[in-house]
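Below: one structure, written as structure tokens.
What follows draws every value from the coordinates through simple rules; no lab data is involved. The shown structure was predicted, so the numbers you read here are calculated from the model rather than taken from an experiment. Note that we place each Cβ from the backbone using ideal geometry, even for glycine, and neighbour counts take in every protein chain shown.
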Amino acid sequence: MRETATCFTIAANGEHGRFYLTEGNEPDRRGGTTYWCVLVCHTTFGTVGHTWNSMGGPASWFLGKIGRDYAIGKLWGAQSQIFCGEKAVADIRRLIIDDRRQGEVSRDEARDRYDVLRDGIDSESHLGMLVEREDWLYESLLYGGHQIGKVDNPQALGFWQNLWPAFIAELTTQVEPCHA
């Protein structure tokens with residue numbers, strides 16, 4: 001089994017961080033090789049990390065080809081998206097309009113539902129209270145409503161846009177000669 005640990009100090013676009021990468025490989029039961037890595041990032045965007053147990057190749061190859069949504073989902077987990085009250089109101093209004101267009105509610109019922117949103121929604125707790133109080137909202141969100149009011153975490157997006165490319169460039173520059 002081979003294991004290496006490397007610390008990358010990355011500074012780009014006015015942001016900075018340290019990326020701690022431990023990677024290794026070991027023989028698998030089929031006679032091949034299993035590659036794994038642990039990545040922990042302490043950056044101006046926060047501290048995140050993930051363990052990949054089976055990557056199909058060295059970390060430089062694997063991490064260099066993963067996409068934004070996959071990387072953010074793994075590194076930020078449940079915090080990859082955050083609540084936005086304005087988006088919650090827009091999402092619920094869209095549901096009301098859809099119900100009205102499909103003839104599931106009358107004009108007056110739609111107006112009553114719109115009025116519930118008059119003061120906006122300022123937190124997930126506030127949304128939860130509305131859901132408990134309004135049967136129609138509970139029923140609307142019961143199936144498929146878990147994304148109501150969710151937006152991509154701006155810290156995660158900043159990390160991806162500002163630091164990830166510099167990290168990958170450093171990682172592939174350092175590792176490629178060893179695997180050439």
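Roughly speaking, what is the centre-to-centre gap between region 16-75 and region 90-149 when only Cα atoms are used, to the nearest Å?
40 Å
Relative to the longest principal axis of the C-alpha atoms of the chain, give the angle of the C-alpha long axis of helix 164-179, reported between 0 and 90° and rounded to the nearest 10°.
30 degrees
Net charge around residue 75, counting only other residues with Cβ within less than 12 Å of its Cβ (Lys, Arg = +1; Asp, Glu = -1)?
+1
Mind checking the full-extension length gain between residue 143 and residue 104? Use 0.36 nm per residue of separation minus the Cα-Cα distance, one decimal, nm.
Here the segment from residue 143 to residue 104 would lengthen by 12.4 nm.
Got the relative contact order for the chain handy, in percent, Cα pairs under 8 Å and 6 or more residues apart?
Working: 233 pairs, mean separation 42.4, N = 180.
Relative contact order of the chain: 24 percent.
Can you bin every Cα-Cα distance in the chain into 10 Å intervals starting at zero and give me the percent of pairs per bin, rounded to whole numbers?
8, 29, 21, 16, 15, 9, 2
With a 10 Å cut-off between alpha carbons and a GNM built on the chain, which of 50, 126, 16 moves the most?
126
Under 14 Å between alpha carbons, and skipping anything fewer than 8 positions from residue 87 in its own chain: which aspartates and glutamates qualify?
Reachable aspartates and glutamates: 119, 122, 124, 152.
Hey, which lysines would be in cross-link range of residue 65, C-alpha to C-alpha under 17 Å, not counting anything within fewer than 8 residues on its own chain?
Residue 65 reaches 74.
If we count every other residue with Cβ under 13 angstrom of residue 52's Cβ, Lys/Arg +1 and Asp/Glu -1, where does the sum land?
Net charge in that neighbourhood comes out at +1.
How large is the helix-only mean residue ellipticity at 222 nm for the chain, computed as the sum of -39500 (n - 2.57) over DSSP H runs with n ≥ 4, divided by its residue count, in deg cm²/dmol to the nearest 500?
Result for the chain, helices only: -13500 deg cm²/dmol.
Pairs of alpha-carbon atoms within less than 8 angstrom and 6+ residues apart define the contacts here; what relative contact order does region 85-148 have, in percent?
In percent, rounded to a whole number, it is 41.
Out of residues 5 or more away from residue 34 or on other chains, whose amide H comes under 5 Å of its own, with H placed 1.01 Å from N in the peptide plane?
Amide H to amide H, under 5 Å and 5 or more residues apart or across chains, residue 34 pairs with 26, 28.
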